[in-house]
Amino acid sequence: MQSVTITLDQPISQFVSYRSRDQKVQPRETVMELVALGFETLLQERYQRYRHGEISLGRLAQELGVTSWELTHLLESHGWPVYNLPEADK
């Protein structure tokens, strides 16, 4: 796990404070949740571009900062096909 220091803009900072109090967790946990949610959203958006043939698997891996092998495992862990071939006509 990597540790980073960030400065949050006011609306985000207020949300983190509120959410942390409301959920009775440390602000660190709330920020980690937001980062994970942001990554999942980015992954889904980029994956759709890959599935539509707009970007390659290598480009998808590059945009996510992982190797092609790591990406393959990540997609499989989500239950998503690694290939982007068009489905056969039924």
request  = Please identify the pairs in which a residue from region 9-20 that is closer than 13 Å to Glu33 by Cα and modelled with pLDDT under 95 has its Cβ atom under 7 Å from the Cβ atom of a residue that is in a helix (DSSP H, G or I) and aromatic (Phe, Trp, Tyr), counting only partners at least 6 apart or on another chain.
outcome  = none
task = Return yes or no: is Arg19 in contact with an Asp or Glu (Cβ under 9 Å, 6 or more places away or on another chain) and not small (Gly, Ala, Ser)?
result = yes
note = Reported set for region 22-73 where residues are of a type in the set (Lys, Arg), more than 20 Å from Thr7 (Cβ to Cβ) and without any contact (Cβ under 8 Å) to a residue 12 or more places away in the chain is Lys24, Arg49, Arg59
inquiry  = Of everything in region 1-24, what is under 22 Å from the mean Cα position of the chain (by Cα) and of a type outside the set (S, T, N, Q)? Give them in sequence order.
reply    = Met1, Val4, Ile6, Leu8, Asp9, Pro11, Ile12, Phe15, Val16, Arg19
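The values are calculated or read from the model by the stated rules, or taken from the named source; none is laboratory data. In this text the structure is predicted, and so the values were computed from the model without any measurement. Using ideal geometry, Cβ is built from the backbone for each residue, glycine included, and neighbour counts are taken over all protein chains shown.
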